[in-house]
């Protein structure tokens, strides 16, 4: 069963319920029962929610009745297989860290997202949970991301890159240089530094970075795709729509818009937890919610958490330079 | 006179010479005289150059005969009004910091670039010179960027934003929060935090950030524009080229490609120095070089350096929260 938070989505609880319907399968909604009478699936009445403006950890502690907290607890207590929300990422992270808890050896859960771009799928993490990280966290992110791509997307021995400002190993901040060293000495399929342009051109299956840089890169990508697609669309609209060429290009643009639409990838997944948690885009439509539910379900079916735990354990056994840092965390 | 480094450009010294010709006006080339016999402008024979792979400060010190060093010294000694190069940004920065020198009160020169995107021009800095900065450096970048947009692009009271992962003042790293506070309390037209999508959608005239984040954002933007334009172009090429719609869209795409082409903006400008220095994209064609020369010339004609020095002096006089930090630098 997927515990689906019906609060916090820009388009309201009814859109979330419609998303649950489209996803099919077993879903329980956590939200305002008054609005969810026609949901067509079980509803746990939880009208209280946590907004983006609240300090997440404090809000999660002070509002145990909030829908996101109840949904996370359902996972923690084995009543649900995964939790999905289109609300605050911070609240989800706090609720899951507090109740679902981190995997052994993981210092910081990360928010990971498949970049909504045409071409080879690339997982970027962290995209906002950890604004400041140490090199050992970046190494952990690399393991978490690689396990996700292997388990959920069937990528064998995923290539891993480090987002940086140059390809050479010595480029970037001292932390980036150290992370590069550790990753290069470890057992993962590390391909080295990846610059911003290579990131969006599919240079690696997994790209790790701190949450500040990752968030800026992700939003810059989304914004640029929108600006460029918009500029082309404006031209097509201005008089040439009826021509065959215009129509064909327009169809392709619709495809592109879908590819660069955050609704398509189903949202971000929280990695490093003892359970599956997916955060859909706040502006998700019903299809976006449905894709988020499907993503969560796939992670459950493919035993992502168990496989990640096992990989971290094995890495510990290997005692390589990179693996040794897993669980080292001095803070 | 503009001192133009003919070394280091991907397309070679002859392309640089062609760029000088297209720019017109008074230009002296610093490069291999043997290749520049037909340049049509004065040449200072300087075959030695500094590559991207060399450690910039060390290379600049150990190779006083390198073309970029000689060109920077020409500016320092008043024989040239500005220096332009399509070579290593690091070498340019090192040569200029050592010879042209920083403006009084400036701790760190910054590399600034007009984003090559359709719509309102946005200056982003730093895009790579300073991978780690303190809040007071970000405040200085704001002054430097605002002075540039005012002097060279005629923007009155330019709006300034801080690149961050949320709009709220408390978002981001502790350094970002502190920079926000200082900027909000200062005399600049500070509009607050700007996220990655707002950056590329023209939310502010000037956006400041550290060189790591700025470099990643810039390259992510360039890469995404390329990927999206490429995807549309592929469709048009696949059979519908001859139709009117296809042709019109194709023409618009050519325009867009030009707008998202780093050659158009003339390259990055180094701000905070006692002289004008422009770094053209390494892959610049002759037009890119010509635009870089024109950018440098405009900065000279509009007395950018003098006006920046005056603005920094006045900010010091104002003794505002933000201004007080100018020159404070404890390191």
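The values are calculated or read from the model by the stated rules, or taken from the named source; none is laboratory data. Everything numeric here is computed off the predicted structure, so don't read it as measured data. Positions of Cβ are backbone-derived with ideal geometry, glycine not excepted, and every protein chain shown enters the neighbour counts.
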Query - Residue in segment B:66-81 that is surrounded by fewer than 20 Cβ atoms within 10 Å (Cβ to Cβ), without any contact (Cβ under 8 Å) to a residue 40 or more places away in the chain and part of a loop (DSSP other than H, G, I, E, B) present - result: yes
Report task. Mind listing just one residue for me: the one in segment B:110-124 that is more than 14 Å from chain A (Cβ to nearest Cβ) and modelled with pLDDT of 95 or more and, of those, surrounded by the fewest Cβ atoms within 10 Å (Cβ to Cβ)? Result -> B:112
**Report entry** Matching residues in segment A:196-217 - criterion: being at the interface with chain B (Cβ under 8 Å from one of its Cβ atoms) and surrounded by fewer than 24 Cβ atoms within 10 Å (Cβ to Cβ)
**Finding:** A:197, A:198, A:201
Query raised in the report: Among (1) assigned to a loop (DSSP other than H, G, I, E, B); (2) within 30 Å of residue B:185 (Cα to Cα); (3) at pLDDT 90 or above; (4) away from chain A (no Cβ under 14 Å), which single condition is residue B:49 missing?
Result: (2)
Query raised in the report: How many of the residues in segment B:52-65 are in a loop (DSSP other than H, G, I, E, B) and more than 12 Å from residue B:99 (Cβ to Cβ)?
Result: 6
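Criterion first (at the interface with chain B (Cβ under 7 Å from one of its Cβ atoms) and under 16 Å from the mean Cα position of the chain (by Cα)) does residue A:220 satisfy it? Please lay out each step first, then the result.
Working: at the interface with chain B (Cβ under 7 Å from one of its Cβ atoms): yes; under 16 Å from the mean Cα position of the chain (by Cα): no.
So residue A:220 does not fit the description; no.
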Report task. Would you check which residues across segment A:170-195 are closer than 22 Å to residue A:155 by Cβ and either facing another protein chain (nearest Cβ under 7 Å) or free of Cβ contacts under 8 Å to residues at least 12 places away in the same chain (or both) and list them? Result -> A:195
Query raised in the report: Any residue in segment B:135-155 that is touching a helix residue (DSSP H, G or I) at 6+ places or on another chain (Cβ under 9 Å), farther than 28 Å from residue B:90 by Cα and in contact (Cβ under 8 Å) with a residue 24 or more places away in the chain?
Result: yes
Report task. Among what's in segment B:125-141 and is away from chain A (no Cβ under 12 Å) and not in a helix (DSSP H, G or I), pick the residue that is surrounded by the fewest Cβ atoms within 10 Å (Cβ to Cβ). Result -> B:134
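Of all the helices (runs of 4 or more DSSP H) wholly in segment B:260-331, which have at least 2 residues that are at pLDDT below 70 and out of contact with any strand residue (DSSP E or B) (no Cβ under 6 Å at 6 or more places or on another chain)?
Working: elements: B:262-265, B:286-301, B:304-318, B:321-324.
Answer list for segment B:260-331: B:262-265, B:304-318, B:321-324.
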Report task. Among residues belonging to segment A:255-306 that are within 14 Å of chain B (Cβ to nearest Cβ) and closer than 21 Å to residue A:67 by Cβ, point out the one that is farthest from the chain's Cα centre (by Cα). Result -> A:283
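For segment A:157-172, what are the residues that are within 17 Å of residue A:213 (Cβ to Cβ) and crowded, with 18+ Cβ neighbours inside 10 Å? Break it down into steps so the answer makes sense when it comes.
Narrowing segment A:157-172 to residues within 17 Å of residue A:213 (Cβ to Cβ): A:160-167, A:171-172.
A:160, A:161, A:162, A:163, A:164, A:165, A:171, A:172 - these are the residues of segment A:157-172 that are within 17 Å of residue A:213 (Cβ to Cβ) and crowded, with 18+ Cβ neighbours inside 10 Å.
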Query raised in the report: Quick one: would you say residue A:160 is touching a helix residue (DSSP H, G or I) at 6+ places or on another chain (Cβ under 7 Å), at negative phi and modelled with pLDDT of 95 or more?
Result: yes
Query raised in the report: Among the numbered criteria (1) touching a helix residue (DSSP H, G or I) at 6+ places or on another chain (Cβ under 9 Å); (2) at pLDDT 95 or above, which single criterion is violated by residue A:104?
Result: (2)
